[in-house]
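Here the structure is laid out as structure tokens; the discussion comes afterwards.
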Amino acid sequence: DALPQPELPSLERTWSIVVAGVGGTGIITMGALLGMAAHLEGRGVSVLDMTGVAQKGEAVTTYVRIGATPESIRTVRIAAGEANAVIGADILCTAENTIMNRMQRGVPRAVINTNRNPTVAFIKQPDLVTPWEAMEAGLREAIGAEGARFIDATRLATLLLGDGVATNLVLLGYAWQMGLIPLSSAAIDRAIEVNG
């Protein structure tokens, strides 16, 4: 059965989504899926991937803008305070200043994976303490308590599909159910098929 369609954001202005996570876990794929789904609906879309010097194991950010028409997209990068929505596939990457600065308190809403992935620093220093609770509190403060949704998407993907590789699809689905993605479920499903 099809999921009930949530109330979708208005596309009177472009809708800006920041996707943040660790390279090699599907951040760029999520941007590609959103871009293809928007294209299939005849929307304007831009997808900008910021991979830095390392694509795997380091922070990766994808900026997605969706507009009513291709002509409505005038810029690709999402500046400070412009994000309407954030999909945080990794809490460490999402809590970075470069991502938190994109959010404006009370404006965006976010879906953030709470799974605690070990970092490269942790592998080198096993006694390193990561301030998980402080990062979550900082994100709640930046976004607003009502706008932040924390979910262990990795655990859900593993329970439902037997593998955490589907974590980002779980996050994308949850973000769509929250009304953070201004596209139909049919377009997203087709984009998943088209992108293999």
Taking Cα centroids, how far is region 84-104 from region 161-182 in Å? 16 Å
For region 32-40, 3J(HN,Hα) per residue [Karplus equation, 6.51 cos²θ - 1.76 cosθ + 1.60, θ = phi - 60°, Hz, x = Gly/Pro]: 5, 5, 5, x, 5, 4, 5, 4, 4
Derived scalar couplings ³J(HN,Hα) [region 140-152; Karplus, 6.51 cos²θ - 1.76 cosθ + 1.60; whole Hz; x for Gly, Pro]: 4, 5, 5, 8, x, 4, 6, x, 9, 10, 9, 9, 7
Computed label-point distance, nm, for sites Q177 and L48 using a 7 Å Cα→Cβ extension: 3.2 nm
Descending accessible area (1.4 Å probe), largest on the left, turns V165, V64, V22 into V165, V22, V64
How much accessible area does E58 have with a 1.4 Å probe, in Å² rounded to the nearest 10? 90 Å²
Spelling out what I want: for every residue of region 154-168, take phi, set θ = phi - 60°, compute 6.51 cos²θ - 1.76 cosθ + 1.60 (Karplus), and round to whole Hz; glycine and proline get x. 5, 5, 4, 4, 5, 5, 7, 10, x, 7, x, 4, 8, 3, 5
Taking the full set of protein chains and a 1.4 angstrom probe, give the accessible area of T29 in square angstrom, rounded to the nearest 10. 80 Å²
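The values are calculated or read from the model by the stated rules, or taken from the named source; none is laboratory data. Predicted, not measured: the structure shown is a model, and the values here were computed from it. So basically every Cβ, Gly included, is an ideal-geometry build from the backbone, and we count neighbours across all protein chains shown. In case anyone asks, the SASA skips ligands and DNA or RNA and just uses the protein heavy atoms, side chains included. Shrake-Rupley method; radii C 1.70, N 1.55, O 1.52, S 1.80 Å.
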